[in-house]
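Only the coordinates and a few stated rules stand behind these numbers; no lab work does. In this text the structure is predicted, and so the values were computed from the model without any measurement. No Cβ is skipped: glycine too gets one built from the backbone with ideal geometry, and neighbour counts run over all protein chains shown.
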Amino acid sequence: MCNGEVISIRRDIDALFRGAPWPLRALATLRPFICPFEEVLKEVPARASALDIGCGQGLLLGLLARRHMIASGVGFEANPLTLGIARQMAQGQGFNTLSFIQGTTPDQVPQGPFGLVMMIDVLHHVSVKDQKSLFLAAALRVAKGGRFIYKDMAMRPLWCAWINRLHDLILARQIIHYVPFEIVQLWAHEAGLKVMRSESLRRLAYAHELLVLERPL
Ligand SMILES: C[S@@+](CC[C@H](N)C(=O)[O-])C[C@H]1O[C@@H](n2cnc3c(N)ncnc32)[C@H](O)[C@@H]1O
């Protein structure tokens, strides 16, 4: 997949992390080729207050701020080192509507409510016992009429799932735990969210599942 939007996202990421260490910048600029960010961006409601759970180095919030797509953004992230990169990126770019909070547990997630909540490629990194509570915490932060964009790596086809397992073992040094897509949809239902879009997507050898949810007014 290499369309104009993918190239434009890659260019924006490169600009966002110009001051970051080169291996990190290189990996970040390769990400749009294996992760369908363009599909995520398509689903972002106009000028919302955004919460990005497991925001990593702030790539998505940075993209949204650079494109003037959100009114404000809060990143919630477990890893203080990646959070440092996110803060540096926001400061370097003059994005003073972005802030970043460190935490791991559902009760530490900022209360909101938010017009946009995102959880992108996070759940498979969370321990099995904490997956449901973190997902529900995210869902409960969605304001009435607001949107929750969830994307994660898929368990099927198996060969793609194993390539991603290897990827995460090498890059994140972590054994990951996939959550079946049907289970995530059950949790969304339990949290009172309505499914607006549910789709499987493939980028090279990486299989993804995208879920766009809304809290009815
Ligand atoms: C693969 S990265 C994705 C980062 C970002 N969402 C993106 O798409 O660029 C997964 C991130 O989730 C974070 N994470 C995992 N468990 C978490 C938790 N319980 N609370 C907050 N962040 C968590 C990890 O530290 C990591 O930065």
Between Ala15 and Leu204, what is 0.36 nm times their sequence separation minus the Cα-Cα distance? Round to one decimal in nm. 65.6 nm
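Can you tally the net charge around Ala172? Count Lys and Arg as +1, Asp and Glu as -1, for every other residue whose Cβ sits under 15 Å from the Cβ of Ala172.
Values: positive: Arg31, Arg165, Arg173; negative: Glu77, Asp121, Asp152, Asp168.
Combined, the nearby Lys, Arg, Asp and Glu give -1.
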Total formal charge among the other residues, if their Cβ is under 13 angstrom from that of Pro106, Lys/Arg +1 and Asp/Glu -1: +1
Scattering curve values for the range 35-214, log₁₀ I(q)/I(0), Debye with Cα scatterers, q = 0.16 Å⁻¹: -0.96
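So, counting K/R as plus one and D/E as minus one, what does the shell of residues with Cβ under 9 Å around Ala139 add up to?
Working: positive: Arg141, Arg215; negative: Glu190.
Overall, the nearby charge balance is +1.
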The chain: calculated mean residue ellipticity at 222 nm from DSSP helix runs of at least 4, using -39500 (n - 2.57): -13000 deg cm²/dmol
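Using only alpha carbon positions, build the gyration tensor of the range 73-121, then give the equivalent ellipsoid semi-axes as the square roots of 5 times its eigenvalues, largest first, whole angstrom. Write down the numbers at each step before the final one.
Details: eigenvalues 68, 40, 17 Å².
Its equivalent ellipsoid spans semi-axes of 18, 14, 9 Å.
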How far, in nm, would the chain grow between Asn96 and Leu171 when pulled straight, counting 0.36 nm per residue and subtracting the alpha carbon separation? 24.0 nm
List, largest first, the extents of the alpha carbons of the range 1-117 along their principal axes, each in whole Å. 39, 30, 25
Would you mind telling me the antiparallel percentage of the DSSP bridges in the chain, rounded to 5? 45
FRET efficiency, 1/(1 + (r/R0)^6) with R0 22 Å, evaluated for Ile7 and Arg67 via beta carbons: 0.90
